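The values are calculated or read from the model by the stated rules, or taken from the named source; none is laboratory data. Small disclaimer: the values here were computed from a predicted structure and weren't measured. So basically every Cβ, Gly included, is an ideal-geometry build from the backbone, and we count neighbours across all protein chains shown. We work out accessible area using only protein heavy atoms, side chains counted, and drop any ligands, DNA or RNA first. Shrake-Rupley method; radii C 1.70, N 1.55, O 1.52, S 1.80 Å.
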Amino acid sequence: MLASTIFINQNGRFTAKNLPNLAQISPLYSIQAVDYDGDGDLDLIAAGNDWGQQVETGRLDAGNGVVLTNDGAGNFTALMPNASGLWASRDVRDLKILKGPGKKRLILVGNNNEKMQCFHF
């Protein structure tokens, strides 16, 4: 199975759900669960890409990172980058959510062989 998928625990039984299409356009290397929109439900922030492919296959670099909002029932909707402010289009390997000054939250993006990026939400 090549789809980026989430497994939801429903009383000890796991149900697989593919993430929305915007999360399928490149490999995801890091996913963080956080209440992005403040509604009390855990949303997902994910990013990836893979620049280390063989010459024959080329880069897998269509991703810009994605914020997936949760409706409370485990159904996720992808926000476009202009709505979320996330533009993690490099060779991403890790994401961390940090608390900034005041109530500001930061997304720290670790890129392979490149500078880190930082976004706020």
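On the basis of the beta-carbon distance and an R0 of 22 Å, residue 11 and residue 73 show a calculated FRET efficiency of 0.90. Our helix-only sum for the chain, with -39,500 (n - 2.57) per DSSP H run of n ≥ 4 divided by its residues, gives a mean residue ellipticity at 222 nm of -500 deg cm²/dmol. Each of the trypsin sites (Lys or Arg not before Pro) that DSSP puts in a loop and that has at most 14 other Cβ atoms within 10 Å breaks the chain; the longest unbroken stretch is 1-58. One equal scatterer on each Cα of the chain, no solvent, Debye formula: the resulting log10 I(q)/I(0) at q = 0.13 Å⁻¹ is -0.53.
The mean sequence distance of close C-alpha pairs (under 8 Å, at least 6 residues apart), as a share of the length of segment 43-119, puts its relative contact order at 25 percent. Segment 1-49 and segment 58-121 have Cα centres spaced 13 Å apart.
Under a Gaussian network description of the chain, with springs only between Cα atoms under 10 Å, the residue in 83, 46, 62 that fluctuates furthest is 83. So, in nm, how far is label residue 118 from label residue 82 when the simple model puts each one 7 Å beyond its Cα toward the Cβ? Here the modelled spin labels are 2.8 nm apart. Full extension of the chain segment joining residue 98 with residue 60 gains 10.9 nm, where the gain is 0.36 nm per residue of separation less the Cα-Cα distance.
Once both labels are positioned 7 Å from their Cα atoms along Cα-to-Cβ, the gap between residue 106 and residue 39 label points is 2.8 nm. For the chain, the number of Lys pairs with C-alpha atoms closer than 25 Å, counting only pairs eight or more positions apart or on separate chains, is 5.
Given a 1.4 Å probe and every protein chain left where it sits, what share in percent of the accessible area of segment 17-121 is carbon and sulfur?
Details: 3090 of 5930 Å².
C and S atoms contribute 52 percent here.
The modelled label-to-label distance for the pair residue 3/residue 53, using points 7 Å beyond Cα in the direction of Cβ, is 2.1 nm.
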